[in-house]
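A quick write-up on the structure given underneath.
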Amino acid sequence: MPMDAARRDLYLTALGVVRYRPRPAHGDAAAVCAEVSQQQFATDPASMVPSSAAVPPVPAALSPVTEVERSESPLAALREQTRTPVAVTRAVPEIPPEPAIVPVGAPAALAFRIACWQPAPDLLVFDALPAGGWPDRERMALLSNMLRAIGRLPGPLAAAEVIDWPPFAGADASLAGARESLALFVAGRMATAPFRWLLALGEISWHCLGADSGHTVGTELALAGDARAILLPGLADMLAVPARKAETWRAIRQLAPAAN
């Protein structure tokens with residue numbers, strides 16, 4: 001039995017066969033719409049249920065974006081970089097530490113040892129040493145030769161007495177304190193064993209006896225009573241620079257027996 005065109009098209013549509021037909025003329029638009037409606041009803045009757053108004057399709061609910069997804073997104077990373085200020089490291093010029101400010105007139109701390117001999121009744125000898133130091137064999141030999149040259153060593157040179165400054169840890173270590181302490185020592189020795197001359201060897205000995213920076217080798221300082229101190233290079237200085245022995249001899253040869 002012959003099949004009309006509408007039924008044939010409906011059958012082919014059910015089989016999944018797509019037929020392309022020429023675009024109808026403008027006058028046939030209503031017929032085409034009616035035919036399509038019939039086909040849709042045949043396949044899905046529910047789609048033709050009348051409604052009072054056309055309801056737009058509801059978009060699917062967007063799933064929330066987690067913090068992990070947001071942080072992993074390249075765009076999110078770019079936004080984060082542009083939003084967060086980038087710390088710029090600049091080279092900071094090094095500021096030298098300020099020097100310690102020492103109050104004007106503050107006493108300077110000293111630490112030294114003075115070796116003391118009295119080889120003859122009228123002569124006392126001081127030689128400045130580093131703190132804790134002792135006169136070695138070379139110093140003792142040089143001093144012995146000096147004393148013999150001026151007739152002040154009748155026998156072997158005795159062991160030295162030592163004067164330490166400061167006298168103990170935590171004690172006054174200023175130059176003023178050292179001068180006062182040495183002045184008491186000289187006064188005590190003058191009272192028990194009076195002497196006429198004091199050979200002050202080394203600049204520390206000079207300053208402790210009251211000398212200043214203007215004094216030089218051969219300068220004489222007045223001490224208590226009639227005693228006088230002669231400023232001389234230290235024994236270590238004479239050993240290091242032999243020419244200083246000549247300076248010393250010029251300063252002490254007045255004490256030699258032939259000069260008296």
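Every number in this text was worked out from the coordinates using simple rules, so none of it is lab data. Computed from a predicted model, the values in this text were never measured in an experiment. Methodologically, a virtual Cβ is constructed for each residue, glycine included, from the backbone with ideal geometry; neighbour enumeration extends over all protein chains shown.
Expressed to the nearest 5 percent, the antiparallel share of DSSP beta bridges inside the stretch 112-259 is 60 percent.
Quantify how much of the Cα-Cα distance distribution of the stretch 112-259 extends past 20 Å, in percent.
Pairs farther apart than 20 Å: 45 percent.
Neighbour counting of Cβ atoms within 10 Å sorts the residues SER144, SER205, fewest neighbours leading, into SER144, SER205.
Each residue in ARG244, ARG139, ARG228 was given a count of other beta-carbon atoms within 10 angstrom of its own, and listing them fewest first yields ARG228, ARG244, ARG139. Counting neighbouring Cβ atoms within 10 Å and putting the fewest first, the residues ASP212, ASP127, ASP9, ASP136 line up as ASP212, ASP136, ASP9, ASP127.
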